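Comments concern the structure below.
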Amino acid sequence: MTNDNIERHVLAVLVDNEPGVLARVVGLFSGRGYNIESLTVATVSEDDSASRINLVTSGTPMIIEQIKAQLERLVPVQKVNDLTEEGPHVENEFALIKIKNSGPERREALRIADIFRARVVDTAVESFVFSLTGSPEKIGSFVDLMRNLGDVEIARSGVVAIKRGKKTTIET
Amino acid sequence: MSDNIMSGADIVIKALADQGVEVIFGYPGGAVLPLYDAIFKQNSIRHILVRHEQGAVHMAEGYARSTGKVGVVLVTSGPGATNAVTGLTDALMDSVPLICLTGQVPTHLIGNDAFQEADTTGITRPCTKHNYLVKHVDELSGIMHEAFEVAKSGRPGPVVIDLPKDVQFAETQYSSPDEINQRHYFEKVTGDSEKISEAIELIANAKKPIFYIGGGCINSGTAACKAVADLVRITGYPATTTLMGLGAIPSSSPQWLGMLGMHGTYEANLAMHGCDVMIAVGARFDDRVTGRLDAFSPNSKKIHIDIDPSSINKNVPVEIPIIGDVGEVLSQMLNIWNQKAPNIDSKALKKWWNKIDEWRSVNCLKYDQGHDSNDTIKPQYAIERLYELTKKKETFITTEVGQHQMWAAQFYKFEKPNHWMTSGGLGTMGYGLPSAIGVQVAHPNSLVIDIAGEGSTMMNIQELGTMAQYNLPVKVFIINNEWLGMVRQWQELLHGGRYAESYSAGLPDFIKLAESYGMTGMRAKHPDEVDDVIKRMVDEPGPVIADIVVSKEENCFPMIPGGAAHNEILLGLNESQEQTQSEDGMVLV
């Protein structure tokens with residue numbers, strides 16, 4: 001009866017913007033042994049009173065239900081939306097990727113960057129910094145290709161996500 | 001409004017008074033001196049000086065659980081706060097509403113490793129329902145009142161308010177509870193009526209039903225307990241209670257099967273295993289209750305009523321979850337039940353009761369108490385006699401943790417809720433003595449007994465000083481077998497009788513210990529002395545330590561070994577001489 005399949009879920013957690021709120025969320029995950037695949041947080045309300053935590057997690061359906069219920073128990077948590085469950089949504093991630101190389105590899109890096117629509121935001125004699133936005137998979141495959149062409153340093157933002165269509169998370 | 005300007009310390013005391021607080025359990029220190037000064041200058045709130053901050057929290061727990069009110073603790077910064085952590089965790093696990101005020105170094109020193117500084121909000125984050133660091137005195141009134149709401153609402157729990165010393169000195173205007181804007185934090189109270197109708201349908205058509213009643217019922221209040229008792233009576237169905245739920249329905253009800261779980265009764269556990277409909281009321285499917293999860297009540301449909309959505313489907317998936325206050329939901333259910341007056345399958349029910357009576361006839365709690373001159377006192381006998389000789393009085397029982405706790409749960413019977421205080425979730429040794437003090441403070445004219453083990457009681461024995469200072473007539477009833485009995489029992493059952501470090505060497509003479517605090521000490525060594533000691537203990541107007549010297553090797557049965565299912569319950573050692581436990585089970589605590 002229980003489904004033990006591990007599912008990946010994207011959660012949008014609206015929280016009061018107060019000290020310690022991120023520690024509460026992160027502590028909940030570590031204390032109860034839940035996974036965090038990625039987590040981003042920034043203030044989203046006009047008066048800076050609320051922040052949105054975009055969180056990617058994975059677990060069995062029972063665990064995912066627990067995670068949501070546990071998050072909702074936290075006093076500064078206003079709302080938890082499970083974007084994966086609620087329907088179509090857009091997921092995006094931003095990355096800055098530095099590659100150190102020279103010669104033909106350098107030209108190849110530029111060519112691949114062009115295919116991925118990555119922008120060059122910094123260049124030096126033996127390096128580029130690319131800026132890239134897209135799904136986590138797209139960024140992942142870009143990074144994989146770059147690793148073949150030189151030493152790579154990666155800064156990734158983690159996933160941010162939002163529902164498709166006119167409904168906001170507040171309305172669901 | 002300038003007359004409402006007051007210091008942070010005065011605001012704290014005023015807010016406590018406005019929240020109906022009558023007593024604080026605390027211990028002073030440098031970072032809370034302004035608060036103690038404010039306490040000194042008023043008369044509405046009583047302060048009980050404890051001997052250790054852990055004791056303060058357990059006292060507040062005993063106070064809260066026996067009254068249904070919020071317990072309040074006041075401790076200083078650093079070690080004061082860290083000493084409170086065990087008690088806070090205990091209160092979190094057992095859903096006890098507490099406010100714990102902690103002193104903190106002044107705001108400008110926070111983070112500087114100042115004297116007696118600790119990251120109190122960081123340390124207590126996982127062991128509280130919520131906590132606050134008050135950085136500015138203007139936030140103080142709001143936080144105080146909100147904290148009470150958080151502690152009481154939903155599944156209750158402890159809340160820490162960390163108060164830097166400069167905030168206690170700073171002045172501002174006080175706001176009363178009704179002037180505070182509540183946050184978005186609230187809990188669903190009434191149950192979903194569709195779900196309730198489904199549940200009624202399922203209950204009415206059950207052939208082998210059982211009510212499984214937990215501490216949530218007691219937390220919800222006496223109305224909830226009355227409602228569940230009514231529902232049990234009207235349906236004629238059997239009911240079992242958890243360790244935390246003892247007293248939720250009267251133990252004198254013939255429909256009560258006793259406690260379930262690891263040391264629960266044979267009939268309760270087998271009925272849980274064999275039922276076709278389980279109605280879980282304010283219970284959380286704890287591992288001590290369920291045993292092996294994949295073999296837990298395999299053929300039943302389950303209804304789960306709980307105020308805490310995170311308790312639903314946590315360990316055991318249920319067919320009909322009803323989120324709401326147990327009392328509200330039960331009264332909704334009773335209304336519908338009375339309107340519909342459904343026909344229950346009385347033939348099937350009779351068959352089910354016959355089966356249960358068969359299990360009952362095993363008499364799983366039986367023990368042999370001999371009365372020859374060389375016979376020793378059986379712990380079960382001591383507790384059973386204690387029950388018989390105190391049941392007519394308004395008696396409150398607390399316990400420590402271990403074998404004596406399980407025997408107390410098995411042999412002491414409760415007619416009413418809020419008369420049984422024990423550390424269930426966390427299993428905190430040293431809980432019983434301070435908890436009894438808290439109960440006695442709340443009920444000065446009642447009989448309060450800490451059924452203790454000699455091991456556990458030593459863990460907070462310093463609180464005898466608190467008992468002595470306030471002449472609180474708590475009776476400490478020590479089931480003394482000179483062993484950490486539950487540890488010894490597991491070592492006997494699972495570790496080949498290698499009794500590593502489980503003998504309590506160096507115990508005090510409890511009579512002399514009592515006398516050194518100006519209390520009365522007494523001892524029973526022979527079964528025939530037990531009644532006399534109990535009577536003298538009960539009649540003594542002051543505090544008493546009764547040292548009941550019991551047989552050392554007695555084990556607590558029935559027992560569901562870790563990793564076993566309800567129907568693998570052991571009734572005694574003779575059937576389990578060989579190692580009965582699987583390797584997987586041994587890993588479990």
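The values are calculated or read from the model by the stated rules, or taken from the named source; none is laboratory data. None of these values were measured; they are calculated from a predicted model. A quick note on method: Cβ atoms are made from the backbone with ideal geometry, for glycine too, and the neighbour counts reach across all protein chains shown.
Identify the residue in the stretch A:63-73 that is over 21 Å from residue A:162 (Cα atoms) and facing chain B (nearest Cβ under 7 Å) and, among all such residues, is surrounded by the fewest Cβ atoms within 10 Å (Cβ to Cβ).
Per the stated criteria, the residue is A:73.
Please state which of the following conditions residue A:35 fails to meet, knowing it meets all the rest: (1) within 11 Å of chain B (Cβ to nearest Cβ); (2) assigned to a loop (DSSP other than H, G, I, E, B); (3) under 19 Å from the mean Cα position of the chain (by Cα).
Tallying (1) within 11 Å of chain B (Cβ to nearest Cβ); (2) assigned to a loop (DSSP other than H, G, I, E, B); (3) under 19 Å from the mean Cα position of the chain (by Cα), residue A:35 fails exactly one: (1).
For the stretch A:16-32, how many residues meet the condition of being acidic (Asp, Glu) and assigned to a loop (DSSP other than H, G, I, E, B)?
1
Looking at the stretch A:74-88, is at least one residue in a strand (DSSP E or B) and away from chain B (no Cβ under 14 Å)?
There is at least one residue in the stretch A:74-88 that is in a strand (DSSP E or B) and away from chain B (no Cβ under 14 Å).
Out of B:416, B:391, which single residue is under 15 Å from the mean Cα position of the chain (by Cα), over 23 Å from residue B:84 (Cα atoms) and of a type in the set (Lys, Arg)?
Just one listed residue meets the conditions, B:416.
Suppose we filter the stretch B:165-195 for residues that are of a type outside the set (Asp, Glu), away from every other protein chain (no Cβ under 14 Å) and within 30 Å of residue B:303 (Cβ to Cβ); how many remain?
5
Tell me, yes or no, whether the stretch B:503-519 has at least one residue that is surrounded by fewer than 21 Cβ atoms within 10 Å (Cβ to Cβ), of a type outside the set (Val, Ile, Thr), closer than 17 Å to residue B:377 by Cα and at pLDDT 95 or above.
no
Name the residues in the stretch B:87-136 that are part of a helix (DSSP H, G or I) and within 21 Å of residue B:23 (Cα to Cα), would you? Before you say what the answer is, go through the steps one by one.
Taking the stretch B:87-136 first, the residues part of a helix (DSSP H, G or I) are B:87-93, B:107-109, B:120-127.
B:87, B:88, B:90, B:91, B:92, listed by residue number.
Counting residues that are more than 16 Å from the chain's Cα centre (by Cα), which strands (runs of 3 or more DSSP E) fully inside the stretch A:90-172 reach at least 2?
A:119-124, A:127-134, A:151-156
Can you confirm whether residue B:90 is in contact (Cβ under 8 Å) with a residue 24 or more places away in the chain, in contact with a Ser or Thr (Cβ under 8 Å, 6 or more places away or on another chain) and away from chain A (no Cβ under 14 Å)?
Numbers: in contact (Cβ under 8 Å) with a residue 24 or more places away in the chain: yes; in contact with a Ser or Thr (Cβ under 8 Å, 6 or more places away or on another chain): yes; away from chain A (no Cβ under 14 Å): yes.
Against the criterion (in contact (Cβ under 8 Å) with a residue 24 or more places away in the chain, in contact with a Ser or Thr (Cβ under 8 Å, 6 or more places away or on another chain) and away from chain A (no Cβ under 14 Å)), residue B:90 qualifies.
Restricting attention to helices (runs of 4 or more DSSP H) lying wholly within the stretch B:428-533, give those where 3 or more residues are out of contact with any Asp or Glu (no Cβ under 6 Å at 6 or more places or on another chain).
Ranges flagged: B:432-442, B:464-469, B:485-494, B:510-516.
Hey, can you tell me all the residues within the stretch A:1-30 that are within 14 Å of chain B (Cβ to nearest Cβ) and within 30 Å of residue B:298 (Cα to Cα)?
A:1, A:2, A:3, A:4
Exactly one condition in (1) of a type in the set (A, V, I, L, M, F, W, C); (2) away from every other protein chain (no Cβ under 14 Å); (3) closer than 19 Å to residue B:260 by Cα is not met by residue B:348; state its number.
(3)
Only one residue in B:415, B:358, B:400 is in contact (Cβ under 8 Å) with a residue 60 or more places away in the chain, among the charged types (D, E, K, R) and out of contact with any His (no Cβ under 9 Å at 6 or more places or on another chain). Which one?
B:415
Please state which of the following conditions residue B:279 fails to meet, knowing it meets all the rest: (1) within 30 Å of residue A:3 (Cα to Cα); (2) more than 14 Å from chain A (Cβ to nearest Cβ); (3) in a loop (DSSP other than H, G, I, E, B).
(3)
Residues that are outside any helix (DSSP H, G or I), more than 14 Å from chain A (Cβ to nearest Cβ) and modelled with pLDDT of 95 or more: does the stretch B:333-344 have at least one?
no
Could you list, in sequence order, the residues of the stretch B:148-164 that are of a type in the set (Lys, Arg) and within 10 Å of chain A (Cβ to nearest Cβ)?
B:155
Let's see how each residue does on (1) surrounded by fewer than 22 Cβ atoms within 10 Å (Cβ to Cβ); (2) out of contact with any Asp or Glu (no Cβ under 9 Å at 6 or more places or on another chain); (3) among the aromatic types (Phe, Trp, Tyr):
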{"position": "B:114", "(1), (2), (3)": "yes, yes, no"}
{"position": "B:151", "(1), (2), (3)": "no, yes, no"}
{"position": "B:161", "(1), (2), (3)": "no, yes, no"}
{"position": "B:175", "(1), (2), (3)": "yes, yes, no"}
{"position": "B:191", "(1), (2), (3)": "no, no, no"}
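Consider the stretch A:74-100. How many of its residues are free of Cβ contacts under 8 Å to residues at least 60 places away in the same chain and crowded, with 19+ Cβ neighbours inside 10 Å?
The qualifying residues number 4.
Could you tell me which numbered condition residue B:211 fails, if it satisfies all but one of (1) at pLDDT 95 or above; (2) out of contact with any Ser or Thr (no Cβ under 8 Å at 6 or more places or on another chain); (3) not β-branched (Val, Ile, Thr)?
Answer for residue B:211: the failing condition is (2).
For the stretch B:284-317, which positions are more than 9 Å from chain A (Cβ to nearest Cβ), part of a helix (DSSP H, G or I) and under 25 Å from residue B:329 (Cα atoms)?
B:289, B:290
I'd like to check something: does the stretch B:121-134 contain any residue that is closer than 19 Å to residue B:75 by Cβ and in contact with a Cys (Cβ under 6 Å, 6 or more places away or on another chain)?
Checking the stretch B:121-134: not a single residue is closer than 19 Å to residue B:75 by Cβ and in contact with a Cys (Cβ under 6 Å, 6 or more places away or on another chain).
Working only within the stretch B:471-521, note down all residues that are out of contact with any Pro (no Cβ under 6 Å at 6 or more places or on another chain), in contact (Cβ under 8 Å) with a residue 60 or more places away in the chain and closer than 11 Å to residue B:546 by Cβ.
B:475, B:476, B:477, B:478, B:480
Given the conditions (1) assigned to a helix (DSSP H, G or I); (2) within 20 Å of the chain's Cα centre (by Cα), which single one is not true for residue B:139?
Condition not satisfied by residue B:139: (2).
Go through the stretch B:207-254 and count every residue that is within 16 Å of residue B:337 (Cβ to Cβ) and surrounded by fewer than 24 Cβ atoms within 10 Å (Cβ to Cβ).
Of the residues in the stretch B:207-254, 11 are within 16 Å of residue B:337 (Cβ to Cβ) and surrounded by fewer than 24 Cβ atoms within 10 Å (Cβ to Cβ).
Just wondering, is there one or more residues in the stretch A:38-61 that are assigned to a helix (DSSP H, G or I) and either within 14 Å of chain B (Cβ to nearest Cβ) or surrounded by fewer than 16 Cβ atoms within 10 Å (Cβ to Cβ) (or both)?
Scanning the stretch A:38-61 turns up at least one residue that is assigned to a helix (DSSP H, G or I) and either within 14 Å of chain B (Cβ to nearest Cβ) or surrounded by fewer than 16 Cβ atoms within 10 Å (Cβ to Cβ) (or both).
If residue B:263 meets every condition in (1) away from chain A (no Cβ under 14 Å); (2) closer than 24 Å to residue B:199 by Cβ apart from one, which number is that one?
(2)
With respect to residue A:6, is the statement that it is at pLDDT 95 or above, β-branched (Val, Ile, Thr) and in contact with a helix residue (DSSP H, G or I) (Cβ under 7 Å, 6 or more places away or on another chain) true?
no
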